[in-house]
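Peer 1: The structure is given below, and queries will be raised subsequently.
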Amino acid sequence: MTIYTVGRGDTLYGIARRFGVPVRDITSLNGLSNVDQLMVGQSLVIPAEVQPGIFVNGYAYPTISDITLALTLPSLTFLSIFSYQVTSSGDLIPLNDSRVIRVAKDNNTLPMLVMTNIGATGRFDSDLAHVILSNERIQERLISNLIMTLRNKGYAGVNIDFEYVYPMDKELYNAFLEKVVTRLQEEEFIVTTALAPKVRSDQVGTLYEAHDYATHGRLADHVILMTYEWGYTYGPPMAVAPINQVERVIAYAVTEIPSKKILMGIPNYGYDWTLPYEQGRPAKSISNTAAVALAAEKKVEIQFDPVAKAPYFYYKDENGALHVVWFEDARSVLAKLDLVKKYNLGGVSFWTVMNYFPQTFAVLNSNFQVEKA
């Protein structure tokens, strides 16, 4: 906070504008009852500049540790618990999630049920999505089961994460979403959806075509953009979420979705590739904390790519093989949060919060106030 001495010609409104704080905060802090009566030489306590409030979502599996929850939940609005898988008959495969729901609520964080079309193979299943989206009877059963589970478990709402939906099912997915949102809004549940990172409406590919930004933006309370995985397990080495690619998605998204509904995805992990890169040889996932520790262990310099705005480093393993690691640090997270300000977004979403990285939340909380339940 600041101590300000009133000068000639000062008004409370002018002082508030100068320091970027609401008049009511100054009057409340100083016990002022009449905003028009200031005295020259009077001292005023000026609160710190008000930080914008944003919504923050974190995805987590039910196995997340109590320690990680305790460190992370103060900085989250929503904890999205992954995932309730749908079946071809309209049922939901249950999760052992009672502990996580309870701890989230104890920390003033809204638990969200994540509903996915992940099939028996453990992958998103296009055929499973088609069965549900093309059969109204199954949809009614699924929606009834969803509402019952939300009520019984004490969830605040649902995150619908249907991926790799067949392009031919786009309008069926839109109709299903409208039906779900209508029913859940009647029950006062929150609905968020997860969308693939598109840069135009007609982007080709099974991952993208059935994800209609405009429809999701109209219906959902919040839309989570999965702005990561440019660098991925089976892909060539590169940043997981290069800022130039992320911004392309955001620049398009705000033309279709109200900006305040958008939660921009931020990865909370990196990858370790063996070099030279060979197609089909997977990279290993690595936490940001582990990446920093590995660089320290190997006594190698962490470099920073000015285009991707992401850190990386090279090292040799015990067999002499060269590796490259791309991950996230305070600088890359800040670059992404700057996009939240630039495009006036509603907030961010972390995949995942299973590993606590102190720098991420230090940067987040120094730039924004997190909206809480």
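The values are calculated or read from the model by the stated rules, or taken from the named source; none is laboratory data. Quantities reported herein were computed from a predicted structural model and do not represent experimental measurements. With ideal geometry, Cβ positions are generated from the backbone for all residues, glycine too; neighbour counts draw on all protein chains shown. The accessibility values were calculated without ligands, DNA or RNA, using every heavy atom of the protein model including side chains. Shrake-Rupley method; radii C 1.70, N 1.55, O 1.52, S 1.80 Å.
Peer 1: Out of (1) open to solvent by 30 Å² or more (accessible area, probe 1.4 Å); (2) closer than 22 Å to residue 78 by Cα; (3) at pLDDT 95 or above, the odd one out for residue 277 is which?
Peer 2: Result: residue 277 fails condition (2) only.
Peer 1: Taking region 137-161 only, how many residues are assigned to a helix (DSSP H, G or I) and either of a type in the set (Gly, Ala, Ser) or at pLDDT below 95 (or both)? Break it down stepwise before answering.
Peer 2: Initially, region 137-161 is screened for residues assigned to a helix (DSSP H, G or I), giving 137-153.
Those left that are additionally either of a type in the set (Gly, Ala, Ser) or at pLDDT below 95 (or both): 144.
Total satisfying the criteria: 1.
Peer 1: Hey, another quick one. Which residue pairs have Cβ atoms closer than 6 Å, lie 6 or more positions apart in sequence or on different chains, and pair a first residue in region 345-372 that is more than 17 Å from residue 60 (Cβ to Cβ) with a second residue that is modelled with pLDDT under 95 and in a strand (DSSP E or B)?
Peer 2: So the pair list comes out as 369/53; 371/53.
Peer 1: Taking the residues in region 27-66 that are assigned to a strand (DSSP E or B) and in contact with a helix residue (DSSP H, G or I) (Cβ under 8 Å, 6 or more places away or on another chain) as candidates, determine which candidate is most open to solvent (accessible area, probe 1.4 Å).
Peer 2: Among those residues, the one meeting the criterion is 45.
Peer 1: Residue 101 - would you say it is without any contact (Cβ under 8 Å) to a residue 24 or more places away in the chain, outside any strand (DSSP E or B) and open to solvent by less than 20 Å² (accessible area, probe 1.4 Å)?
Peer 2: Considered against the rule, which asks whether it is without any contact (Cβ under 8 Å) to a residue 24 or more places away in the chain, outside any strand (DSSP E or B) and open to solvent by less than 20 Å² (accessible area, probe 1.4 Å), residue 101 comes out as no.
Peer 1: So, in region 296-324, of the ones that are β-branched (Val, Ile, Thr) and open to solvent by 40 Å² or more (accessible area, probe 1.4 Å), which residue ends up nearest to the chain's Cα centre (by Cα)?
Peer 2: 307
Peer 1: Another question, then. It is to be established whether one or more residues within region 274-289 are assigned to a helix (DSSP H, G or I), touching a residue at least 40 places away in the same chain (Cβ under 8 Å), within 27 Å of residue 55 (Cα to Cα) and not charged (D, E, K, R).
Peer 2: yes
Peer 1: Within region 244-260, track down each residue that is among the charged types (D, E, K, R), over 16 Å from the mean Cα position of the chain (by Cα) and crowded, with 17+ Cβ neighbours inside 10 Å.
Peer 2: 256, the sole residue that qualifies.
Peer 1: Still on this structure, please answer the following. Please go through region 1-26 and pick out each residue that is part of a helix (DSSP H, G or I) and either open to solvent by less than 40 Å² (accessible area, probe 1.4 Å) or more than 21 Å from residue 52 (Cβ to Cβ) (or both).
Peer 2: We begin by selecting, within region 1-26, every residue part of a helix (DSSP H, G or I); these are 12-19, 23-26.
Those that are part of a helix (DSSP H, G or I) and either open to solvent by less than 40 Å² (accessible area, probe 1.4 Å) or more than 21 Å from residue 52 (Cβ to Cβ) (or both): 12, 14, 15, 16, 23, 26.
Peer 1: Same structure, new question: Looking only at residues in region 344-357 that are touching a helix residue (DSSP H, G or I) at 6+ places or on another chain (Cβ under 8 Å) and open to solvent by 50 Å² or more (accessible area, probe 1.4 Å), which one is nearest to residue 76 (Cα to Cα)?
Peer 2: The selected residue is 356.
Peer 1: Can you tell me which residues in region 297-339 are touching a residue at least 60 places away in the same chain (Cβ under 8 Å), touching a Leu at 6+ places or on another chain (Cβ under 9 Å) and closer than 21 Å to residue 73 by Cα?
Peer 2: Once the filter is applied, which keeps residues that are touching a residue at least 60 places away in the same chain (Cβ under 8 Å), touching a Leu at 6+ places or on another chain (Cβ under 9 Å) and closer than 21 Å to residue 73 by Cα, region 297-339 yields only 333.
Peer 1: Out of all the residues in region 132-146, which are under 27 Å from the mean Cα position of the chain (by Cα) and within 19 Å of residue 174 (Cα to Cα)?
Peer 2: Restricting attention to region 132-146, the residues satisfying the condition of being under 27 Å from the mean Cα position of the chain (by Cα) are 132-133, 142-143, 145-146.
Passing the criteria: 132, 133, 142, 143, 146.
Peer 1: Right, here's the next one. Can you tell me how many residues in region 172-203 are in contact with a helix residue (DSSP H, G or I) (Cβ under 9 Å, 6 or more places away or on another chain), assigned to a helix (DSSP H, G or I) and surrounded by fewer than 17 Cβ atoms within 10 Å (Cβ to Cβ)?
Peer 2: 5
Peer 1: I would also like to ask the following. Can you work out which of the residues in region 1-44 that are more than 36 Å from the chain's Cα centre (by Cα) and on the phi > 0 side of the Ramachandran plot is modelled with the highest pLDDT?
Peer 2: Among those that are more than 36 Å from the chain's Cα centre (by Cα) and on the phi > 0 side of the Ramachandran plot, it is 9.
Peer 1: Tell me, please, whether a residue that is open to solvent by 10 Å² or more (accessible area, probe 1.4 Å), part of a helix (DSSP H, G or I), out of contact with any strand residue (DSSP E or B) (no Cβ under 7 Å at 6 or more places or on another chain) and touching a residue at least 60 places away in the same chain (Cβ under 8 Å) can be found in region 225-243.
Peer 2: Initial filter on region 225-243 (open to solvent by 10 Å² or more (accessible area, probe 1.4 Å)): 226, 228-230, 232-234, 236-238, 243.
From what is left, the residues that are part of a helix (DSSP H, G or I) are 243.
If we keep only those that are out of contact with any strand residue (DSSP E or B) (no Cβ under 7 Å at 6 or more places or on another chain) as well, we get 243.
Checking the rest, the ones that are also touching a residue at least 60 places away in the same chain (Cβ under 8 Å) come to 243.
Yes: region 225-243 contains one or more residues that are open to solvent by 10 Å² or more (accessible area, probe 1.4 Å), part of a helix (DSSP H, G or I), out of contact with any strand residue (DSSP E or B) (no Cβ under 7 Å at 6 or more places or on another chain) and touching a residue at least 60 places away in the same chain (Cβ under 8 Å).
Peer 1: State which residue is surrounded by the fewest Cβ atoms within 10 Å (Cβ to Cβ) when the search covers only region 139-166 and only residues that are among the hydrophobic types (A, V, I, L, M, F, W, C) and farther than 25 Å from residue 208 by Cβ.
Peer 2: Quick first cut of region 139-166, residues among the hydrophobic types (A, V, I, L, M, F, W, C) only: 142-143, 146-148, 150, 156, 158, 160, 162, 165.
Next cut, farther than 25 Å from residue 208 by Cβ only: 143, 146-148, 150, 156.
Numbers: 143: 17, 146: 24, 147: 17, 148: 11, 150: 22, 156: 20.
Out of the qualifying residues, it is 148.
Peer 1: Being part of a loop (DSSP other than H, G, I, E, B) and open to solvent by less than 50 Å² (accessible area, probe 1.4 Å) narrows it down to one of 95, 79, 69, so name that one.
Peer 2: 95
Peer 1: Something else about it: Take the residues in region 104-136 that are part of a helix (DSSP H, G or I) and over 30 Å from residue 167 (Cα atoms); name whichever of them is least open to solvent (accessible area, probe 1.4 Å).
Peer 2: Across region 104-136, the extreme among qualifying residues is 104.
Peer 1: Looking only at residues in region 77-107 that are touching a Gly at 6+ places or on another chain (Cβ under 8 Å) and among the polar types (S, T, N, Q), which one is nearest to residue 127 (Cα to Cα)?
Peer 2: 85
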